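Each remark here refers to the structure printed beneath this line.
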Amino acid sequence: MPDPILRLSEVSLSFKGIKAINALSFAVARGEICALIGPNGAGKSSLLNILNGVYRADSGTVAFEGESFARIRPLAAAQRGIGRTFQHGALFGKLSVLDNVLAGLTRHSRTTLAEHAFGIFRDHAQTRDFRARAEETLGFLDLSSHRNSIVATLPYGLQKRVDLARALVGRPKLLLLDEPMAGMNRDEKRAMSRFIAQARQNLGITIVLIEHDIGVVMDLSDHVVVLDYGRKVGDGPPDAVRNDPAVIAAYLGTRH
Amino acid sequence: MPPIASAASAAFDTGPRRVRLPVLPGRAILPSVLAVAAFGAATAVASDYWLDAILIPFLIMALAGLGLNLTMGYAGQASLGTGAFMATGAYATYNLLLRLPEWPLPVSLVLGGLITGAVGLVVGLPSLRIKGFYLVAPTLAAQFLIEWALNQYPWFSNHTSSSAISAPRLAWLGHDLSSPQGRYAVTLTSVVLVTLTAWKLVRSQTGREWMAVRDMDTAAAVIGIPVGAAKLKAFFAGAAVCGIAGALWAFAYLGTVDARSFDLDRSFQVMFVIIIGGMGSLAGSFIGAAFIVFLPIALSQIASNLFGAAIDGGQLQNLQHVLFGGLIIALLIKEPDGLAALIARFGRRLARR
């Protein structure tokens with residue numbers, strides 16, 4: 001791969017002796033949409049948690065932008081430009097949509113407590129700049145009319161989009177999406193796929209996503225990695241993976 | 001927007017479940033100005049008893065509640081160190097006034113607050129490792145330790161033999177502020193300025209970081225919020241406000257500096273202020289303080305009118321405790337966001353009519 005933004009080598013993780021991820025290696029090219037698929041319990045979410053430092057791999061290394069690390073903390077990952085959405089509501093429920101999105105800009109904040117308290121120096125300029133960036137992202141994800149809604153009161157599909165907005169507004173280099181379309185109907189999935197494709201195209205963000213709907217995966221992604229019991233059983237372009245007998249045996253052939 | 005997206009958003013829109021923010025800045029300004037004007041007018045009209053026994057303690061309790069609200073209501077870091085922070089503020093300001101008498105009163109008050117903020121930051125250090133309810137334990141330790149230190153080392157009280165030191169007279173720019181009107185003016189001005197600063201703060205990026213940490217700290221770190229720094233900032237800001245409240249309590253209300261008036265009971269009382277008024281609401285601090293200051297007075301009025309001498313003071317105080325306890329349990333179950341949320345909901349219902 002010519003210019004990988006992310007490269008995993010021999011990464012393993014176990015929980016109480018059970019191997020969640022077993023000597024996993026693959027690379028993600030800059031600017032691609034890479035899908036992680038596999039049955040429940042295959043280690044997909046655990047893998048995302050290693051990538052942004054929520055879990056620590058037992059062995060192996062992860063290289064992001066050519067820099068390898070055995071352990072990265074979530075905050076450091078975010079500050080390096082690894083964004084993330086979550087499978088289940090991890091939004092700030094009591095805050096408005098706008099405040100959730102503004103919170104996603106924290107890594108770009110250059111102002112201090114005193115500037116905030118007294119509204120002095122750079123505070124005004126930054127507030128205006130952040131508001132403009134947040135509005136732009138809200139507009140991009142068609143959320144502008146919901147900006148003042150309290151997040152906990154929104155329907156599930158909208159919350160998923162707010163989660164994406166909160167991650168996108170900080171302009172990450174790499175965006176990890178944990179089942180961004182889970183529980184959505186077909187129209188909602190089409191809309192979400194469109195937003196994800198546009199985020200890659202317009203903003204140049206590399207995306208790694210977990211998705212169960214194989215139709216969506218085949219349409220959206222450039223690269224598919226198939227996991228089963230923590231091992232990699234397939235890795236390549238969607239068409240090649242679709243026809244790989246090992247993949248069919250492990251995943252596509254089974255009913256869900 | 002692409003047509004697919006618009007169609008999808010129409011599908012998402014499931015009717016009137018959207019809720020507006022309870023306090024909108026534009027709408028909050030007019031009532032605040034009116035409230036300040038009303039309190040200003042009170043200086044001219046109210047009797048000394050009203051200023052001394054009701055309005056001054058009300059404003060100071062509201063300020064202490066506001067301080068705890070920053071730490072606990074906005075940033076979600078439970079603290080029982082409020083009394084200790086108030087004591088630190090009172091002693092710090094006392095020593096500044098005593099040892100640097102040429103410095104003007106407002107400077108000493110603000111510096112006293114900043115010193116308390118620094119102490120609060122140290123007390124907040126365990127919050128980096130301890131979460132939620134368990135954080136009460138180290139703040140409780142700080143409450144006892146600071147109270148003990150202030151009594152143990154006579155330097156803090158300028159080697160006074162009595163444990164209650166009489167406070168220096170309040171004066172600024174040659175004006176004597178020790179009359180009830182003067183002390184009320186000092187209190188009101190301080191409370192208004194601190195409240196405005198706090199209001200700015202909770203609506204800033206710092207305030208958003210606090211609420212993000214409170215609502216979901218793991219997600220906060222993942223999206224790039226420095227969780228530890230946000231917690232320490234919340235302890236600093238909250239303690240600084242409590243410190244100013246403590247200094248006012250000593251100088252503008254009691255007239256003495258006494259660590260015993262900032263014991264654990266005070267910490268609990270301030271916590272009750274924000275539980276009753278509303279955690280995560282600046283207005284809630286004032287509502288809760290009003291409740292806690294006015295209820296005992298109203299209660300004793302009612303009791304003496306209804307039963308005359310049949311109920312003595314001790315019984316009345318017990319009755320008061322029972323009422324507060326019952327109310328706090330009821331609020332925690334029915335309305336965890338306090339009277340402020342209850343009033344906001346009532347207001348919305350009226351507006352809809």
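Could you look through region A:182-228, keep only residues that are out of contact with any Leu (no Cβ under 9 Å at 6 or more places or on another chain) and among the aliphatic types (A, V, I, L, M), and pick out the one that is farthest from A:Phe86 (Cα to Cα)? Filtering first and then ranking leaves A:Met218.
Matching residues to (1) more than 15 Å from the chain's Cα centre (by Cα); (2) part of a loop (DSSP other than H, G, I, E, B); (3) assigned by TED's automatic domain parsing to the domain that holds A:Ile18:
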residue: A:Gly157; (1), (2), (3): yes, no, no
residue: A:Val162; (1), (2), (3): no, no, no
residue: A:Ala165; (1), (2), (3): no, no, no
residue: A:Met184; (1), (2), (3): yes, yes, yes
residue: A:Val226; (1), (2), (3): yes, no, yes
residue: A:Ala240; (1), (2), (3): yes, no, yes
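Residues in region A:61-102 that are open to solvent by 60 Å² or more (accessible area, probe 1.4 Å) and facing another protein chain (nearest Cβ under 7 Å): A:Gln79, A:Lys94. For region A:29-39, the set of residues classified as in a loop (DSSP other than H, G, I, E, B) and at pLDDT 90 or above consists of A:Arg30, A:Gly31, A:Glu32, listed by residue number.
Among the conditions (1) without any contact (Cβ under 8 Å) to a residue 60 or more places away in the chain; (2) out of contact with any helix residue (DSSP H, G or I) (no Cβ under 9 Å at 6 or more places or on another chain), the only one that B:Pro138 does not satisfy is (2). All told, B:Ala167 falls short of being in contact with a strand residue (DSSP E or B) (Cβ under 6 Å, 6 or more places away or on another chain), open to solvent by less than 10 Å² (accessible area, probe 1.4 Å) and not aromatic (Phe, Trp, Tyr).
Would you pick out the residues in region B:89-120 that are open to solvent by 50 Å² or more (accessible area, probe 1.4 Å) and under 17 Å from the mean Cα position of the chain (by Cα)? Listed by number, the residues that qualify are B:Val110, B:Leu114.
Among the conditions (1) modelled with pLDDT under 90; (2) surrounded by 15 or more Cβ atoms within 10 Å (Cβ to Cβ); (3) among the β-branched types (Val, Ile, Thr); (4) over 21 Å from the mean Cα position of the chain (by Cα), the only one that A:Thr254 does not satisfy is (2).
Counting only residues that are in a helix (DSSP H, G or I) and touching a helix residue (DSSP H, G or I) at 6+ places or on another chain (Cβ under 8 Å), region B:331-340 holds 5 of them. For the structure I just gave you, tell me whether A:Ile120 is surrounded by 19 or more Cβ atoms within 10 Å (Cβ to Cβ), at pLDDT below 90 and part of a loop (DSSP other than H, G, I, E, B). Considered against the rule, which asks whether it is surrounded by 19 or more Cβ atoms within 10 Å (Cβ to Cβ), at pLDDT below 90 and part of a loop (DSSP other than H, G, I, E, B), A:Ile120 comes out as no. Of the numbered conditions (1) touching a Leu at 6+ places or on another chain (Cβ under 8 Å); (2) in contact (Cβ under 8 Å) with a residue 24 or more places away in the chain; (3) more than 9 Å from every other protein chain (Cβ to nearest Cβ); (4) open to solvent by 10 Å² or more (accessible area, probe 1.4 Å), B:Trp210 satisfies every one except a single condition; which is it? Failing condition for B:Trp210: (4).
Out of B:Ile328, B:Ile302, B:Ile292, I need the residue that is part of a helix (DSSP H, G or I), buried (at least 16 other Cβ atoms within 10 Å of the Cβ) and out of contact with any Leu (no Cβ under 9 Å at 6 or more places or on another chain). Which one? The match here is B:Ile292.
Of the residues B:Pro126, B:Pro104, the single one that is over 22 Å from B:Ala62 (Cα atoms), touching a strand residue (DSSP E or B) at 6+ places or on another chain (Cβ under 7 Å) and modelled with pLDDT under 95 is B:Pro104. Within region A:103-114, the set of residues being surrounded by fewer than 22 Cβ atoms within 10 Å (Cβ to Cβ) and within 7 Å of another protein chain (Cβ to nearest Cβ) comprises A:Arg107, A:Ser109, A:Thr111, A:Leu113.
Hey, A:Arg194 hits all of (1) surrounded by 19 or more Cβ atoms within 10 Å (Cβ to Cβ); (2) touching a helix residue (DSSP H, G or I) at 6+ places or on another chain (Cβ under 7 Å); (3) more than 22 Å from A:Gly93 (Cα to Cα) but one; which does it fall short on? Only one criterion in (1) surrounded by 19 or more Cβ atoms within 10 Å (Cβ to Cβ); (2) touching a helix residue (DSSP H, G or I) at 6+ places or on another chain (Cβ under 7 Å); (3) more than 22 Å from A:Gly93 (Cα to Cα) is unmet by A:Arg194, namely (1). Reported count of residues in region A:174-185, each being within 10 Å of chain B (Cβ to nearest Cβ) and open to solvent by 10 Å² or more (accessible area, probe 1.4 Å), is 2.
Let's see how each residue does on (1) in a helix (DSSP H, G or I); (2) open to solvent by 40 Å² or more (accessible area, probe 1.4 Å):
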site: A:Ser12; (1), (2): no, no
site: A:Ala20; (1), (2): no, no
site: A:Ala27; (1), (2): no, no
site: A:Gly41; (1), (2): no, yes
site: A:Leu48; (1), (2): yes, no
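Taking the criterion of being in a loop (DSSP other than H, G, I, E, B) and closer than 20 Å to B:Ile60 by Cα, the only residue of region B:199-255 that qualifies is B:Gly255.
With respect to A:Asn148, determine if the residue is of a type in the set (S, T, N, Q) and in contact with a strand residue (DSSP E or B) (Cβ under 9 Å, 6 or more places away or on another chain). Taking the combined requirement at face value, the residue satisfies it.
The values are calculated or read from the model by the stated rules, or taken from the named source; none is laboratory data. All of these numbers come straight from a predicted model, not from anything done at the bench. We place every Cβ from the backbone using ideal geometry, glycine too, and count neighbours over all the protein chains shown. What goes into the accessible areas is simple: the full protein's heavy atoms, side chains included, and nothing from ligands, DNA or RNA. Shrake-Rupley method; radii C 1.70, N 1.55, O 1.52, S 1.80 Å.
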